Every structure is written in structure tokens, then in C-alpha cells.
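Asks: Structure below; questions to follow.
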Amino acid sequence: MNVHSPKTTNVGIGLRPEHYQVIEQTKPAIDFLEVHSENYFDPHSLHYSYLQQISQHYPLSFHGIGLSLGSDEAVSIKHLKQLKTLINEFNPFLVSDHLSWSSLQGAYFNDLLPVPYTYEALMRFVSNINQVQDYLQTQIIIENPSSYLEYQETDLPEAEFLNQISEKTGCGLLLDINNIYVSAVNNDFSAQQYLDIIHFNKVQEIHLAGHTRKEFENGDILIDTHSKPINQPVWQLYKDNIGKIHNAVTLIEWDADLPDISVLLSERDKAKHILTDSSHG
């Protein structure tokens, strides 16, 4: 099985259609680009054509939402075939998906749904991840979700659940620090204590993104919108924990209300400065 070793100093951005032309034409200095893999399953699409051109100049990572690794059902062979074809064509240095489920009886939901952190769910994830890695013949990495509620039925805290998945399957971890902060505020736990549990030697990628606050009569919640600059508490968590990272890249994630690419590059520069300061500390 191919296990990838990205460089800790690399900071990338997500490739979105709104930025295809400016990236293809100006080729800004970016360490890598992350793409949502399902958007490129059709080799006859305009998306695919742009990716062929852009991938000649940038390393790629693939980030998926459709494997539905927490489902009671087996992973879709059709989906795996499409993903493997894409991997063989573009040779990404990382392939990732989520700690969630998103399909039932062949129907896919436009959301990443949470699972209870029970031993039964753990073994289901382990089985599905093993199936995926065996089929793709490459390691995948798993991202922690944002959450707005917690199940009463649980055997493990989320961070330990992720550790166990990695230990039992050999998969890596994608640590979304914004998701951790959002979940911590919404569910009243310590984001730093969560990070203290995580096995950082298994972390191969970090996501940084912005969130928004939604006001309700009975209280506010944070929503993982990926629609604004990275919030200061998320930067602080990144800065406080960056010294624990052994071998992980960082991604600036922005999916909605996309600004000019210069804004993403400015966020990238902030992450670069934190990494530089950490290496000199």
C-alpha cells in the first residue's frame, strides 16, 4: 500500500471553479491544490479539462465526501472504481474523506451525517476503511467532522475514536481545526483537550477555515460555513499546536462566497508565517 509523506512546510488552497482561469493563466506560487474528487469523475466535463491543465503545474490532494465510511452498507464499488480511475490519472499525494456517513440504499444525501462513537461504529469504520484502502492500494486519511449535537450513546470521545481508527487500519488523520473549535463551542468541551488526545504522528493534513455564528432564541451556535476568513480562535489553536506536527501539510479551505484568489493567498501567507515562527522557536 502506498503511504504518502507530505512536507510540513507546505500550505495549499482548495481549487474551486471560480478560480480555474486565474490559476491556469497566472500560475501563482501555491504548494499544492486540493480538489473535491467527486467533481472530477466525469472525464468529459469542463472541470476535468481544467484539472488536466492545472495539474501539470501543481501537486494535488483529493478530498472526497461520497465514500460514506460510517454507513451500515458496504462502500459503493462504483464510487471506488471512479475514484481509483481518477487517482491513477492524477496521482494525488493525499486521498481523504470524512468521519461520517452520507448514503443509504443507493441514495446519497447532500450532507455529512454524524455517527455515534460506539465500538460497533468503530468496527464498521475499520471494515469500510480497510475495504477502501485495499481496493485503491493507497492509504487514505480521515477528517474529523463539525458537530452541532452529541449522541447520548457513546463509548469513546471523538478524538480517541479517530486514534483507534488510525491504529486499526493504518489510515492517516486529517485534522480540521475549525471543525474542532466549532464542535467544542457548540457542545461545550475544550478544543485544546481534544487536541491533547489526538495522536499527532498520524496527522498528515490540517484544514483551516472560517465559520459563522447563528443566533437562536435559546442560544447561538457556530456553523462550519467555509465562507469567510479564518477566525482568530482557530488561528490560535493552530499556533498553539503546530509544534506537535510531525509530517502534515496545511490547507486553507474556502467553499462559499469565494473572494478574489488574493484573499486565499493572504490566508496562506498567515499559515506560512506561523509555520516559520514555529520552526525557529
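Asks: Consider S166 against the criteria (1) closer than 23 Å to N231 by Cβ; (2) in a helix (DSSP H, G or I); (3) in contact with a strand residue (DSSP E or B) (Cβ under 7 Å, 6 or more places away or on another chain): it satisfies all of them except one. Which criterion is unmet?
Replies: Result: S166 fails condition (1) only.
Asks: Find all pairs meeting these conditions: Cβ atoms under 8 angstrom apart; at least six residues apart or on different chains; first residue within region 131-142 and over 17 Å from S76 (Cα atoms); second residue assigned to a helix (DSSP H, G or I) and among the hydroxyl-bearing types (S, T, Y).
Replies: Taking only residues 6 or more apart or on different chains, the pairs are I142/S166.
Asks: Among L251, L237, which is closer than 21 Å to S183 by Cα, assigned to a helix (DSSP H, G or I) and modelled with pLDDT of 95 or more?
Replies: L237
Asks: Would it be correct to say that V185 is in a helix (DSSP H, G or I), in contact with a Pro (Cβ under 8 Å, 6 or more places away or on another chain) and surrounded by fewer than 18 Cβ atoms within 10 Å (Cβ to Cβ)?
Replies: no
Asks: Something else: Mind checking whether some residue in region 225-237 is surrounded by 18 or more Cβ atoms within 10 Å (Cβ to Cβ), within 28 Å of H19 (Cα to Cα) and among the polar types (S, T, N, Q)?
Replies: Yes - at least one qualifying residue is present in region 225-237.
Asks: I've got another one for you. Hey, can you tell me all the residues within region 27-38 that are surrounded by 17 or more Cβ atoms within 10 Å (Cβ to Cβ) and either of a type outside the set (F, W, Y) or over 19 Å from the mean Cα position of the chain (by Cα) (or both)?
Replies: I30, D31, L33, E34, V35, S37, E38
Asks: Failed condition for I198, given (1) within 22 Å of G14 (Cβ to Cβ); (2) crowded, with 17+ Cβ neighbours inside 10 Å, with all others met?
Replies: Tallying (1) within 22 Å of G14 (Cβ to Cβ); (2) crowded, with 17+ Cβ neighbours inside 10 Å, I198 fails exactly one: (1).
Asks: State all residues of region 46-80 that are over 21 Å from the mean Cα position of the chain (by Cα), over 24 Å from P28 (Cβ atoms) and not hydrophobic (A, V, I, L, M, F, W, C); if no residue qualifies, say none.
Replies: D72, E73, K78
The values are calculated or read from the model by the stated rules, or taken from the named source; none is laboratory data. Everything numeric here is computed off the predicted structure, so don't read it as measured data. We place every Cβ from the backbone using ideal geometry, glycine too, and count neighbours over all the protein chains shown.
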